[in-house]
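Have a look at the structure below before the remarks.
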Amino acid sequence: MTDPVTFASVSPRFALPLLYSGQAQKETFVNEAFALADALLHCSIESEAASPPASPADGQNWLVAAGATGEWAGHEGALASRQAGNWIFIPPRDGLRVLDLSSAQDRVFLGTWRKAPSLSEPIGGTTVDSEARAVIGDLIMALRGLGIFPSV
């Protein structure tokens, strides 16, 4: 959808095509805007990959990894969304947040894609405080449940 048509008037944040008075073939512009909005609303990605999956389903989003190949070449860091049998690429903007379904963890874009590091529960040490460990363990589990920390 995106590649063959260039839109002269677009929205400032995600380049949604805008209609103009007396425009012919409005359905092209409206359908492109709907496809982009569909990809971005409650956005989730299947995973991060450098090459397109073999059998993607319409509606699936992927994060294009560094060293992208094939149809994804030149779109590193963008969201690749499968829409109507084609790939549309959405460049991220600061503040864009997606849920990575492969790790059940949130990712956020702030100049680059970021996610919380994997942490382990406290063990060992010279002084053992069971209450402190229990609270820290509960905190880690709560942050994992919210998708802030990856599940192990």
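Nothing in this text is a laboratory measurement; each read-out follows from the coordinates by a stated rule. Please read these numbers as outputs of a predicted model, since none were measured by experiment. Virtual Cβ from ideal backbone geometry, glycine too; neighbours counted across all protein chains shown.
Taking trypsin sites (Lys or Arg not before Pro) across the range 35-134, the ones in a DSSP loop with at most 13 further Cβ atoms lying within 10 angstrom of their Cβ are Arg93.
Charges were assigned to the Cβ only: +1 to each Lys and Arg, -1 to each Asp and Glu. The resulting dipole of the range 41-126 about its Cα centre is roughly 160 debye. For Cys43 and Val135, a Förster radius of 35 Å and the Cβ-Cβ distance give a FRET efficiency of 0.55, rounded to the nearest 0.05.
For the pair Ala50 and Asn31, the difference between a 0.36 nm per residue extended length and the Cα-Cα distance amounts to 4.1 nm. Stretched out straight at 0.36 nm per residue, the stretch from Ala73 to Leu99 would grow longer than its current Cα-Cα span by 7.0 nm. Label points 7 Å out from Cα along the Cβ direction at Ala57 and Ser9: separation in nm? Inter-label distance under the simple model: 3.8 nm. Taken along the Cα-to-beta-carbon direction at a fixed 7 Å, the label points for Ala65 and Ser21 span 5.1 nm.
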